[in-house]
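Let me begin by presenting the structure, written as C-alpha cells, before commenting on it.
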There are 2 protein chains.
Amino acid sequence: MYAVILAGGGGTRLWPLSRPDRPKPFLPLLGEQTLLRATFERVLPAVAGPGDVAVVVDRRHAALVRDELPELPAENVLAEPAGRNTAAAIALAAVALPRAAGDVMVVLPADHLVADERAFRAVLGAAATVAAAPDRPLVTLGIAPTGPETGYGYVVAGELRPEAGAHAVRRFVEKPPLDAARALLAGPDPVAWNAGIFAWRRDAILAALDATAPDIAAAVRGGVAGGPAALEAAYATVRATSIDYAVLEPASLLGRVAMVRADVGWSDLGSWVAIRDALVARAAADGEPTGTVGAGPRRDVGSEGTLVLAASRLVVTLGLRDAIVVDTPDALLVCAADRSQEVRAIAEELARALEEDG
Amino acid sequence: MYAVILAGGGGTRLWPLSRPDRPKPFLPLLGEQTLLRATFERVLPAVAGPGDVAVVVDRRHAALVRDELPELPAENVLAEPAGRNTAAAIALAAVALPRAAGDVMVVLPADHLVADERAFRAVLGAAATVAAAPDRPLVTLGIAPTGPETGYGYVVAGELRPEAGAHAVRRFVEKPPLDAARALLAGPDPVAWNAGIFAWRRDAILAALDATAPDIAAAVRGGVAGGPAALEAAYATVRATSIDYAVLEPASLLGRVAMVRADVGWSDLGSWVAIRDALVARAAADGEPTGTVGAGPRRDVGSEGTLVLAASRLVVTLGLRDAIVVDTPDALLVCAADRSQEVRAIAEELARALEEDG
C-alpha cells in the first residue's frame with residue numbers, strides 16, 4: 001500500500017488567509033501543523049515509511065512541500081506544470097510512480113481534518129483490503145452524514161459486499177439542493193458523503209482511466225514518457241476535471257465502485273464555518289472554553305460561536321454571535337458564520353479587480 | 001461673546017482609534033475634518049473672529065491644536081499641565097483669558113456632533129442673551145431627549161423665564177438607571193439631556209466658582225498669577241471634577257441656572273454605536289446606502305447597521321448585523337453595536353496590562 005496526497009487547489013474559500021502563493025494545505029489552520037504535514041503524519045503509520053508516500057502538487061508549491069516534508073524522497077514530489085483538478089493529478093501519480101500493478105494506492109486530499117486518526121487508519125486498511133479483492137473495485141470512503149448538507153457530494157450505496165462493512169456503490173450525487181439532500185437521507189439506500197478519499201489497485205485505476213477518460217490518460221502517459229517539456233505541453237491542454245466525474249461516476253454505473261464507511265470525525269474544512277466547527281469541537285473535547293476559538297493575540301468578552309484568527313496585531317472581540325474574524329497583514333475578513341460560503345465569490349471578484357487594476 | 005472649546009479627555013471609549021497620543025478631538029471620526037476642527041468651524045460664525053475662540057487642552061496635545069487651528073492666536077491655546085476635568089479647565093479659561101467681566105463665554109466640548117449648525121448657532125445666540133440678563137444666570141443647553149437614555153445626565157426644568165424658550169433649572173440628575181430615566185421623561189417637569197454646552201458671563205462663572213468650588217478657583221487663580229511653575233504646582237493637586245458637580249448642581253439649587261432648549265441633531269459621540277448612528281443618519285439624509293457606513297478601503301456584501309473604519313488594509317465584511325469594525329495598524333476591534341459601551345473597560349484593562357508588562 002502506498003499513499004498519494006493531493007496538495008492542489010487554489011483555496012479562495014479561505015481567503016484572506018489562503019492565497020495563491022500559500023494555499024490551504026500549507027497553512028496551520030488548526031494549530032501548529034500545516035494541513036499537509038498533519039495529513040502526512042496521519043497516513044505515515046499506515047504504510048512502510050516515507051518512501052511509500054507521494055505528493056502531487058502544482059510546481060509553484062513544490063518547494064513548500066519539500067520544506068514541510070523533508071523526510072519525503074525527492075522523486076515522491078510529483079510537480080504538475082499547472083493545476084488540472086484531481087483526474088489528471090491521480091493519473092500522474094498512477095503513471096509516474098514506479099509501483100507494481102497490484103500495489104494498492106490510497107489517495108487523500110492534503111487539506112482535510114480527521115479527528116480520529118486511529119479509526120481513520122483502520123478504515124484505510126479495510127478499504128485497501130476491499131481494493132485488493134478479486135474484482136479489483138475502486139473504493140471510496142463514505143462519511144456518515146450528520147445532516148442534509150448541500151456542500152458535499154453523496155454516495156448512494158447498494159448491496160453489501162463480502163468484505164465486512166463494504167457496499168457496492170449504486171451512484172454518486174453531486175452537491176444536491178436541500179430538498180434532494182433530505183430525500184437522499186430519508187431514502188431506502190444507505191448514503192454517505194463523498195470525502196474524496198480513495199483506495200484502488202494501481203492497475204485498476206489505470207484501466208478505469210483508459211476506459212472512461214482516455215484523453216486524460218493518454219495526455220499524462222505521453223507527458224511522463226516524454227519528459228518535462230512533454231509534460232508541460234500535455235498539461236497545457238489536458239482536460240481539468242475531477243476523478244469523480246471522469247472515472248467514479250461512470251465506473252459506478254458499471255458496478256465497479258465500492259464504498260467503505262468511515263466514521264472518523266472528518267471535515268473537508270471547506271469554508272470558515274467548517275474551520276470554526278472543527279475548532280469548537282476540539283475545544284469541547286479538551287474541556288476548553290468554546291465561545292471563541294482561534295489563534296494569535298486576541299482578547300474576547302462574551303462572544304459565542306466565534307472564530308478569531310489573529311496575525312500579529314491584537315484582535316479584541318466583544319459580544320459577537322457566530323462570527324468569523326480573519327486578520328492578515330494586508331486584508332481583514334469579518335463575516336457572519338452562516339455566510340462563509342460566499343467568501344469564495346468575493347475573493348475571486350477581488351482577484352479579478354486586482355488583475356484589471358494591475 | 002467668546003467661545004471656549006474644551007479639548008481634553010482621554011477617550012478610551014473609542015479605542016482602538018482613540019489613543020493617548022491622539023485622542024478623540026483630534027480624529028476625523030465623521031469624515032475629512034477632525035472633531036476639533038469641525039467644532040471650531042461650527043462656532044466661528046457666531047463670534048467676531050478667531051481671536052474670540054480659545055481652546056483648553058492638555059499640554060501634551062497643544063501642538064495638535066496649533067496644527068489643526070492655525071488661525072488661532074497662540075495665546076488662545078490654554079495648555080493645562082495635566083487633565084483635571086472640566087471644572088479646572090473652565091476656571092482656567094475664565095481666569096486666564098483677558099476679557100471684560102460682562103463678556104459672555106460659551107463653552108463647548110471639542111468632540112461632539114451637531115448636525116444642524118445653523119440652528120445650533122441660533123441657540124447659542126439665545127443662550128448668550130439669557131446669560132446677559134440682569135440676574136446673570138449660568139445657562140446650559142438642553143437637548144430634546146429621544147428616549148430614556150442612561151448614558152446622559154438630565155436637566156429638569158422649572159418655571160419659564162422671561163426670555164423666549166428659556167426655563168429655570170430645577171435640578172440635575174446624573175446618568176440615571178433605566179427606570180429613573182423613564183420616570184423623568186414621564187414626569188410633570190420638562191426634561192432635557194445635559195450636553196455640557198454652556199453660556200455665562202465671565203463674572204458670573206468666576207463668582208460661582210468662588211462660591212461653590214473655592215479650592216479649584218483659588219488653585220487656578222494662584223497658578224495663573226504665578227506663572228508656569230506655579231500653574232504646574234497648582235495642577236498637581238487641584239481637584240479633578242466636572243463643572244456640573246462643582247458648580248452647576250449646587251448653583252441650580254440656588255436658582256442660578258437656566259436652560260435653553262436645543263434641537264440641533266446633537267450627539268456626544270460617546271461610543272462606537274453613537275458614531276455608527278451619526279453616520280447612518282447622515283447617509284440616510286444624503287440618500288446614500290446605510291447598510292454599512294464608515295471610511296477607508298472596504299467592501300461589503302449584505303451587512304446591516306454596521307460601521308467599518310478601515311485604515312490602510314482592505315476590510316471585507318459579509319452578512320453582519322449591527323456590528324462595529326475598527327481597524328488600526330496595531331489593534332483591531334470587532335464588537336456588537338449594543339455592547340460598545342464596554343469598550344472603555346476593555347481599553348483601560350489593556351492599558352493596565354501593558355503598563356504592568358512594560
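Values as computed for the structure displayed
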{"quantity": "Three principal axis lengths of segment A:141-242 [C-alpha, angstrom, descending]", "calculated": "51, 33, 19"}
{"quantity": "Net length gained if the chain between A:Ala283 and A:Arg22 were fully extended (0.36 nm per residue, minus Cα distance)", "calculated": "91.3 nm"}
{"quantity": "Using a 7 Å Cα-to-Cβ projection, B:Ala48 label spacings across copies, nm, ascending", "calculated": "10.1"}
{"quantity": "Gain on full stretching of the segment that runs from B:Asp135 to B:Thr290 - 0.36 nm per residue minus C-alpha separation", "calculated": "51.0 nm"}
{"quantity": "Separation in nanometres of the label points that stand 7 Å from Cα toward Cβ, at B:Ala236 and B:Ala82", "calculated": "0.9 nm"}
{"quantity": "Within a Gaussian network of chain B (alpha carbon springs, distance under 10 Å), most fluctuating of B:Asp52, B:Asp189, B:Asp263", "calculated": "B:Asp189"}
{"quantity": "Ratio of Rg to Rh over segment B:205-312 (Cα coordinates, Kirkwood Rh, two decimals)", "calculated": "1.23"}
{"quantity": "Other protein chain Cβ atoms within 10 Å, averaged over every residue that makes up B:302-310", "calculated": "1"}
{"quantity": "GNM result for chain A, Cα springs below 10 Å: residue of A:Gly187, A:Gly125, A:Gly153 fluctuating most strongly", "calculated": "A:Gly187"}
{"quantity": "Nm distances between copies for B:Gly187, ranked from closest, using label points 7 Å along Cα→Cβ", "calculated": "7.1"}
{"quantity": "In segment B:29-111, GluC sites (Glu not before Pro) in a DSSP loop with at most 13 other beta-carbon atoms within 10 Å", "calculated": "B:Glu32, B:Glu71"}
{"quantity": "Taking A:Glu117, B:Glu349 and counting other C-beta atoms within 10 Å, the order from fewest to most", "calculated": "B:Glu349, A:Glu117"}
{"quantity": "Alpha carbon centroid spacing (whole Å) that separates segment A:249-321 from segment B:109-150", "calculated": "54 Å"}
{"quantity": "Three semi-axes of the equivalent ellipsoid, segment A:272-357, Cα gyration tensor, whole Å, largest first", "calculated": "26, 15, 11"}
{"quantity": "For segment B:272-357, share of DSSP beta bridges that run antiparallel, in % to the nearest 5", "calculated": "30 percent"}
{"quantity": "Nearest-first distances (nm) between copies at B:Glu348, label 7 Å from Cα via Cβ", "calculated": "5.0"}
{"quantity": "Other-chain or far-sequence residues with amide H under 5 Å of B:Asp322's (modelled H)", "calculated": "B:Glu304, B:Gly305, B:Thr306"}
{"quantity": "Label-zone membership for segment A:144-165, site A:Ala183, 7 angstrom Cα→C-beta point, backbone N under 16 Å", "calculated": "A:148-150, A:154-156"}
{"quantity": "For A:Gly294, residues with placed amide H under 5 Å, excluding near neighbours", "calculated": "A:Val308"}
{"quantity": "Debye log10 I(q)/I(0) for the protein assembly as shown, one point scatterer per Cα, at q = 0.06, 0.08, 0.09, 0.10 Å⁻¹", "calculated": "-0.52, -0.74, -0.83, -0.94"}
{"quantity": "Beta bridges by DSSP in the protein assembly as shown, antiparallel share as percent, to the nearest 5", "calculated": "45 percent"}
{"quantity": "Rh by Kirkwood over Cα pairs, then Stokes-Einstein D for segment B:2-267 at 1.567 mPa s and 4 °C, µm²/s", "calculated": "70 µm²/s"}
{"quantity": "Which of A:Leu332, A:Tyr152, A:Pro176, positive extreme of dipole for the protein assembly as shown (C-beta unit charges)", "calculated": "A:Pro176"}
{"quantity": "Karplus-derived HN-Hα couplings along segment A:232-247 (A = 6.51, B = -1.76, C = 1.60, θ = phi - 60°), whole Hz, x at Gly and Pro", "calculated": "4, 5, 4, 5, 5, 10, 5, 5, 8, 8, 7, 5, 5, 5, 6, 10"}
{"quantity": "Nearest beta-carbon to the B/A symmetry axis - residue in chain B, distance in Å", "calculated": "B:Val334, 3"}
{"quantity": "Nearest-20 debye value, the protein assembly as shown charge dipole, Cβ charges on Lys, Arg, Asp, Glu", "calculated": "100 debye"}
{"quantity": "Top positive-direction residue, dipole computed over chain B with Cβ charges, set B:Pro162, B:Val55, B:Ala233", "calculated": "B:Pro162"}
{"quantity": "Built amide H within the under 5 Å cut-off of B:Val169, gap 5+", "calculated": "B:Gly158, B:Val257, B:Ala258, B:Met259"}
{"quantity": "Length-normalised contact order of chain A in % [C-alpha pairs under 8 Å, at least 6 apart]", "calculated": "19 percent"}
{"quantity": "Shielding by partners, peptide B:52-61 (average Cβ within 10 angstrom, other chains)", "calculated": "0"}
{"quantity": "Over segment B:266-307: Rg over Rh, Cα atoms, Kirkwood Rh", "calculated": "0.96"}
{"quantity": "Using θ = phi - 60° and Karplus 6.51 cos²θ - 1.76 cosθ + 1.60, couplings along segment B:294-305 (whole Hz; Gly, Pro as x)", "calculated": "x, 8, x, x, 8, 9, 10, 10, x, 8, 9, x"}
{"quantity": "Within a Gaussian network of chain A (alpha carbon springs, distance under 10 Å), most fluctuating of A:Gly226, A:Gly102, A:Gly302", "calculated": "A:Gly302"}
{"quantity": "Residues A:Thr129, A:Thr292, sorted so that the one with the fewest Cβ neighbours within 10 Å comes first", "calculated": "A:Thr129, A:Thr292"}
{"quantity": "Packing-based exposure ordering (other Cβ within 10 Å, fewest first) of A:Asp203, B:Asp322", "calculated": "A:Asp203, B:Asp322"}
{"quantity": "Residue-wise HN-Hα coupling along segment B:187-204, computed from phi with Karplus coefficients 6.51, -1.76, 1.60 (Hz; x: Gly, Pro)", "calculated": "x, x, 8, x, 10, 8, 7, 7, 8, x, 10, 10, 9, 6, 5, 4, 5, 5"}
{"quantity": "All lysines inside 25 Å of B:Lys24 as judged from Cα atoms, apart from same-chain residues fewer than 8 positions distant", "calculated": "B:Lys175"}
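No lab work stands behind these numbers, since they all come straight from the coordinates. In this text, all values refer to a predicted model and were calculated from it rather than measured experimentally. Cβ sites come from the backbone with ideal geometry, for glycine too, and all protein chains shown count toward neighbours.
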